[in-house]
Amino acid sequence: MNVLENETAATLTGRDFLTIAEFTEDELMTFLNTAVALKTMQKQGVPHHFLNGQTLAMIFEKASTRTRVAFEVGMYHLGGSALYLSSKDIQIGRGETIADTAKVLSRFVDGIMIRTFGHDVVEELAANADVPVINGLTDTHHPTQIIADLLTIYEHKGKIGGLKACFIGDGFNNMAHSLMEGAAAFGMDMTVASPKGYEPDAAIFEAAKARGAKNGCAISVTDSPQEAAKDCDVVITDTWLSMGDEAEKDKRLHDFQGFQVDDALVSLAKPDHIFMHCLPAHRGEEVTESVIDGDHSVVFDEAENRLHAHKAILKCLMEKDA
């Protein structure tokens, strides 16, 4: 059966995409297989207008490079169009309720992507919209990035389950949370190493830990970067200063001392490990230039895969006759 037309893909049509935890391993694999197929079609110059004539509304309350470009270009490649809606330019920025915004946009567009602060905003938008809602990032989850990350791991390692990954840095972070959920779904060991006081959200961690146990992998938390990095196949980090944390810069730079991903730390990982970072990166803070620009780094493959992953999400959720 065509990878773009399978029974699991049919279960995704019309759904929202809010967190990784909401999807089964088969459904997540469908996103990945669809991304691989669409990437191949793009590289071969094969038109893939699966969303011909459809429109995606993109609400941005947080700045973006990769998310905006990937969704906007992705809709173009799929035969549709995307509307950039800054919260400063639409009525939601002047007090219109999220519910009313969802209901109005549902009358105009075929899907909504939002990049915002509180996860409750995305949940309320989805609860009131009649079209698929995609979480482009909140303070607690970054699921579209994780599809790109899993795709990158799959491409470079040939599998996801059975691998060992670590995340070094701020555990109370949308990347750490969504990575744990993705690792648990695929049976990949995942350790988050963060300073005391920056551990992952307890509920998200416990849920991922329980799912991981069912799938034969361990999801764990430590305050030792060295313990986390030992024998890893995949080493991941993210900025210590997420959007909204700028006022805490001096405190965070102090608190995260010892958590920089440098040559000494990655030397503890497997000789064929890959290094990942969702970008933007602050070289000299969470990672050294020698690591992010080194031979093990796949950060620009990861960045490119945002396009292919986002196209897969859009196709799976929005295609009318999947």
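A short reminder: the numbers here are calculations on the coordinates, not readings from a lab. Bear in mind that the values here come from a model prediction, so they are computed numbers and not experimental data. All Cβ positions, glycine included, derive from the backbone under ideal geometry; neighbour counts span all protein chains shown.
Loop-located GluC sites (Glu not before Pro) in region 160-255 (DSSP state not H, G, I, E or B) with no more than 14 neighbouring Cβ atoms inside 10 Å do not occur. Taking label points 7 Å from Cα along the Cα-to-Cβ direction, Thr97 and Thr24 give a separation of 3.6 nm.
Each residue in His119, His49 was given a count of other beta-carbon atoms within 10 angstrom of its own, and listing them fewest first yields His49, His119. Among the GluC sites (Glu not before Pro) in region 75-164, those located in a DSSP loop and surrounded by at most 14 other Cβ atoms within 10 Å of their own Cβ are Glu96.
Full extension of the chain between Arg107 and His254 yields a length gain of 48.0 nm, computed as 0.36 nm times the residue separation minus the alpha carbon distance.
Under the combined filter of DSSP loop state and at most 12 neighbouring Cβ atoms within 10 Å, region 3-49 retains these GluC sites (Glu not before Pro): Glu5. Its relative contact order, with pairs defined as Cα atoms under 8 Å and 6+ residues apart, puts region 145-302 at 23 percent. Rounded to the nearest 10 degrees, the angle from helix 299-318 to the longest Cα principal axis of the chain is 30 degrees. Normalised by residue count, region 145-302 yields a Cα convex hull volume of 96 Å³ per residue. Computed extension length for Lys320-Ser64: 89.3 nm, one decimal, from 0.36 nm per residue of separation with the Cα-Cα distance subtracted. With R₀ set to 45 Å, the beta-carbon distance separating Leu83 from Asp231 gives a calculated FRET efficiency near 0.45. Could you grab the relative contact order for region 20-115? Cα pairs under 8 Å, six or more apart, rounded to a whole percent. Relative contact order here is 32 percent. Rounding to the nearest 10 and keeping the result within 0 to 90°, find how far the Cα-based axis of helix 119-128 lies from the longest principal axis of the chain. The helix 119-128 is inclined about 20 degrees to the chain. Each Cα pair under 8 Å and six or more residues apart adds its separation to the average, and for the chain the resulting relative contact order is 21 percent. On full extension, the segment bounded by Thr222 and Glu206 gains 4.3 nm, given 0.36 nm per residue less the C-alpha separation. Rg and Dmax, both from the Cα atoms of region 1-80 and both in Å, are 13.7, 41. Translational diffusion coefficient of the chain (Stokes-Einstein, Kirkwood radius from Cα pairs, 25 °C, 0.890 mPa s): 124 µm²/s.
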